[in-house]
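The values are calculated or read from the model by the stated rules, or taken from the named source; none is laboratory data. Small disclaimer: the values here were computed from a predicted structure and weren't measured. Because the Cβ atoms are built from the backbone with ideal geometry, glycine has one as well, and the counts that use them run over all protein chains shown.
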Amino acid sequence: MKFITRLALSAVAPLLLMQAALAAGVNGAPAPFDKGGVKVALVSYISAGDFFQAYQAGAEAQAKALDIDLRVFPGRQDAAAQREQILQAINLGVSAIVIDHGLPESLGDVVQQALDKGIKVVAFDVNLNNPKIPQVEQSDRELADLALKQVVKDNGDSFKAGYVYVAGFAPLDRRNEVWDTFKKQNAGVIEKARFGNVSDTTATSTADQAKAVLTANPDISVVFAPYDEFARGVKLAATDLGITGKLKIYSADVSTADIQEITEPGSPWVATVATNPAVVGAVSIRAAALQVAGQEVPHQITVKPTLLTQEGLRAAGVKTIEELAQKVPAFSASDAVTASWIPDRLF
């Protein structure tokens, strides 16, 4: 929570003086944003973990800049609860709903109800297979590809690997396609074990699985864990087993807590590839706002990722997300789905 408090404050602080001016809407904006108070719902499937908290903070900061009345429904990893929250948002009379992750098979009918009522819908990292719904993603295939190129750079193309994956989540499924292709192209890479868990205690439960896997397969030298909570769990297991010097962990996503764990002395977590989750949250709100304003939004909205290595972070003296954004400008902004009337200097 310390991380999200810092991020939220850093995101919102530049806006405090702006809010009085925006209280009656956004100057120069088309209707209904010229009047302000547009209701938008953010309905999440997962809200635990730094990535999801940062995503929400970015969405909230962008919503404040647009004088949006944002209603946040926190995720509990419960598909039935998420369905009910979408129905609640519809009944609140929102103009748009942003859906953050989820299980596609449980969302189709309630999302269609929203569309039938004229409510705009944006999906982040959940594929709802509907041409009317813009899909925001982190370029997951590029993200996984950058990570695996670093794996080969560090370890060559022949090694025993552990792989952390849970099917059914759009970003993980897209990253998995790249992993499967990578193995076909590199016959010397042997996947010794596949494991993983997504819950409100993902890191802890993954650590328990990783201990069993690493104990049973002492020849594993590389773990590809393309979600930072997975990587945190594997690192915890390696530390408990005393094998941090024999293992290298490669992941996706980043937070202040991740940076601290990657850069600490002796850490086996050597690289991650990430977008700024707060920027992705802001992009999701912008996509919703543009639709509500009747403006064109592409179906596929991609936020480009950045490779972050342990060596690079240490050399730059980066210890927090804020410092990362300052020292790597591409990490702090995205020109995806914006307009001249949308304030986008949030971080």
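Across region 37-60, what is the total count of residues that are of a type in the set (D, E, K, R) and either within 11 Å of Phe124 (Cβ to Cβ) or modelled with pLDDT of 95 or more (or both)? Talk me through it step by step, then tell me what you get.
So in region 37-60, the residues of a type in the set (D, E, K, R) come out as 39, 50, 60.
From what's left, either within 11 Å of Phe124 (Cβ to Cβ) or modelled with pLDDT of 95 or more (or both): 39, 60.
Total satisfying the criteria: 2.
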One residue is enough: does region 151-160 have a residue meeting the conditions modelled with pLDDT of 95 or more, of a type outside the set (Phe, Trp, Tyr), surrounded by 21 or more Cβ atoms within 10 Å (Cβ to Cβ) and not in a loop (DSSP other than H, G, I, E, B)? yes
Note on region 161-175: residues among the hydrophobic types (A, V, I, L, M, F, W, C) and surrounded by 20 or more Cβ atoms within 10 Å (Cβ to Cβ) are Ala161, Val164, Phe169, Ala170, Leu172
Please find, within region 310-347, the residue that is nearest to the chain's Cα centre (by Cα) out of those that are closer than 24 Å to Glu261 by Cβ and outside any helix (DSSP H, G or I). Ser332
Mind checking which pairs have a first residue in region 145-168 that is farther than 21 Å from Glu229 by Cα and a second that is basic (Lys, Arg), Cβ under 7 Å, 6 or more apart or different chains? Asp154/Lys248; Asn155/Lys248; Lys160/Lys192
Filter pass, Leu87 being in a helix (DSSP H, G or I) and either in contact with a His (Cβ under 9 Å, 6 or more places away or on another chain) or modelled with pLDDT under 90 (or both): no
All but one of (1) under 20 Å from Gly75 (Cβ atoms); (2) surrounded by fewer than 19 Cβ atoms within 10 Å (Cβ to Cβ); (3) in contact with an Asp or Glu (Cβ under 9 Å, 6 or more places away or on another chain) hold for Ala123; state the number of the condition that does not hold. (2)
Kindly evaluate Gly93 against the criterion of being under 30 Å from Lys246 (Cβ atoms) and either surrounded by 14 or more Cβ atoms within 10 Å (Cβ to Cβ) or in contact (Cβ under 8 Å) with a residue 24 or more places away in the chain (or both). no
Of the residues in region 248-267, those that are assigned to a loop (DSSP other than H, G, I, E, B) and either surrounded by 22 or more Cβ atoms within 10 Å (Cβ to Cβ) or touching a residue at least 40 places away in the same chain (Cβ under 8 Å) (or both) come to Asp253, Val254, Ser255, Ser267
